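A quick write-up on the structure given underneath.
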């Protein structure tokens, strides 16, 4: 029988000779390792017969953990692990007290999971990536990516990346992240770091990103070109990195968990996923969460065999220190060397303080359960084990625990001092300025009361300081005083500082921003052919794949078929399955693949087949991708391009244009809405020169429309946020985008015949929108405006109207009421008649423009229907 690791898999690349030799060596190594494992190890890794294999950690070199043979150094390592567990537990206890006494807004902690996370950390290497959630404080401490002081800085919401490098005070506590970028937004060497992607709160929200983090290793291992390029050496060491995930047992009920597990099994990526099973999802017990009350039992069909790929599924007790070390050791070896996903079901986890500071678990756990949790506490169990094995005396452990408590307390005190000293300094300065104002103003009594209220709170929040100063400014608004000016100057200066704290890094702010990409117009030769729009797109993609070896595209029907509209026709044949890949029907994890790979230096184009299907991954788009840079305070970026096609076609679920929904959900991404496929190609060229994520919505009815084929494919670019005045006019400005813009253009000759000169503007992108106020300049000339799209009322057109009329002061240039023309409130009905009566058509556009002109000059433009 051929060893399963040496079998050819359909999704593998055709590797170069160096990689083939390397992979054959690895396969033989894995095969021999398996033979050894079969002789010594069962799948129940908590059994004492397991023999660990070679590793860098000294404690794991002891076969079977014979404590009699432990060296002093090995004993010290065990005691260090115990101390770290106690430090983390004390941090949780103190954190709860700090929250309940009002020094923090909310607290959530990782108590009960200390030992499993310490074991996991021992096999987490530089270059690896974590995609976890808010229970992982011990792990982050163990890999030295969070200190106690930093943990409390985040709990207090200290808005400074020096104090809280994970989020700069933007996220609630225990939401971790490492800083992949330097101060200029450029990549650090991720192979020399222990990396964590930025956490989000939504349960199981970390799963889809985990898939991409693991898949990146597969790409780097099999992509000969990238392996040989120096610029990519900072992202991978021949694909040896593991994507490490964590999730609570109750959250495995979420659909995204199952979608990720299935995709990981299909793709065979180096992923190790730990499921912390404490028996509850807040108050809801496991019996209501999981079939058979066991995630490992439910997933048993995913267990790989000699004949079939799948997962390696392992089980271990959360309090079994030795079993945990052995389990994580094996899991790491399998994932790192064999590129096989591993799921570790960590059972009998406890949660000593319940879910969070929002309540107490005594409300829903029985006395028997609470007693069981005390008995099975992983720290208590480890203490007993240390004493039983003679590794330490009771007195030594008492002293160690006292030291650990002191360390946690000192970290808290240092964080509080750093946080409050800054605020007290601001409050004292504001108070001194108020003293000066009181001395000069006739409103002394009111100002003194304002000052007393500002000083009253024990915790000097900026909210209290700034609110007091603003109230004081309002109070003396009728007085021209030197002290008033000083106070206003101070307020303005500190508001600018607070903008840096809270309002930055939604988009790229460095030299890599796509907003710096200048327009390069398409060039045409006299012999340039008119071809289907899809050909322009296809041939431009070919140039992209040649120019950017780090680009890859994947989605439903993307590979062999070349997408459903053949915009990627023959790309898989030319560039291979690794770079042009089919996926299953699973939009959320298609996007997750893109996010994870982008976090590791690749430039993925994640294809969602139709715009209507974007709803399947909207939560991932909105909660994870769009907030990535912001919630990490500029520490990480994921420049994914999401490719889809939309607007009018046929039927309720193939005519969608939910732009209002998207606009309000994905701030932090660019939203590109090209009117044709040459424009779309230019947008892809622009985005690949920048480092922001974006959504590109290709016009669904444009693939067969004829366009001239440019001679500078892969080079021309469309600037983001710069509308194009496609046709100049003098009577009215018509603003649109996408497929509806083409209808407006088609109606223009009829309007011209009716004596109406239309200035026709394509906004091109909705995010960003008209950065140079081009539409305002048009409105200054025409004094009338109509916004047209095929979203529902109050959607995309309302967004555009708000931008132009309110934000850009267009109101002052109007001679007629601004109007919006949209689809009906319902979804688009099926068939040509359904489309005609559901969405704006040529007749609607003509009459909407004409009605505005008729209202202004009924003599020249008499009403049509009256």
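Just so it is clear, none of the values below were taken in a lab; they were calculated from the coordinates. All values derive from a computational prediction rather than experimental measurement. A quick note on method: Cβ atoms are made from the backbone with ideal geometry, for glycine too, and the neighbour counts reach across all protein chains shown.
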Multiply the residue gap between residue 125 and residue 372 by 0.36 nm, knock off their C-alpha separation, and tell me the result in nm, one decimal place. 85.4 nm
Enter the angle in degrees (range 0 to 90, nearest 10) between the Cα long axis of helix 462-475 and the first principal axis of the Cα atoms of the chain, meaning the one along which they spread out most. 40 degrees
Check: C-alpha center region 829-856 vs C-alpha center region 217-283, spacing in Å is 50 Å
Based on the alpha-carbon gyration tensor of region 724-856 and its eigenvalue square roots a ≥ b ≥ c, which shape applies: rounded if a/c is under 1.5, prolate if not and a/b is larger than b/c, or oblate? oblate
Hey, what angle do you get for helix 207-222 against the long axis of the chain, alpha-carbon based, 0 to 90 degrees rounded to 10? 80 degrees
So for the chain, averaging the separation of alpha carbon pairs under 8 Å that are six or more residues apart and normalising by length, what relative contact order in percent results? 11 percent
Arrange 481, 211 by Cβ neighbour counts within 10 Å, fewest through most, would you? 481, 211
Using only alpha carbons, build the gyration tensor for region 514-708 and give me the equivalent ellipsoid semi-axes, biggest first, whole Å. 24, 19, 17
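Would you please put 838-850, 216-228 in order of how densely packed they are, using the mean number of other Cβ atoms within 10 angstrom per residue and starting with the highest?
216-228, 838-850
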How tilted is helix 842-856 with respect to the longest principal axis of the chain? Cα atoms for both, answer in degrees (0 to 90, nearest 10). 60 degrees
If the chain between residue 417 and residue 446 were fully stretched, how many nm would it gain, using 0.36 nm times the residue separation less the Cα-Cα distance? 7.3 nm
Rounded if a/c is under 1.5, else prolate if a/b is larger than b/c, else oblate: which is region 24-392, with a ≥ b ≥ c the root eigenvalues of its Cα gyration tensor? rounded
Please work out the Cα center distance from region 468-529 to region 692-720, rounded to the nearest Å. 32 Å
Can you work out the PRE-style zone for residue 282? Point 7 Å along Cα to Cβ, and I want the residues of region 229-269 with backbone N under 13 Å. 251
Proxy reagent accessibility, fewest Cβ within 10 Å first, across 725, 148: 725, 148
What ranking of 208, 498 emerges when the number of other C-beta atoms within 10 Å of each C-beta is taken as an exposure proxy, fewest first? 498, 208
Name the shape class, rounded, prolate or oblate, that the alpha-carbon gyration tensor gives for region 72-146, where a ≥ b ≥ c are the square roots of its eigenvalues, rounded holds for a/c under 1.5, and otherwise prolate holds if a/b is larger than b/c and oblate otherwise. oblate
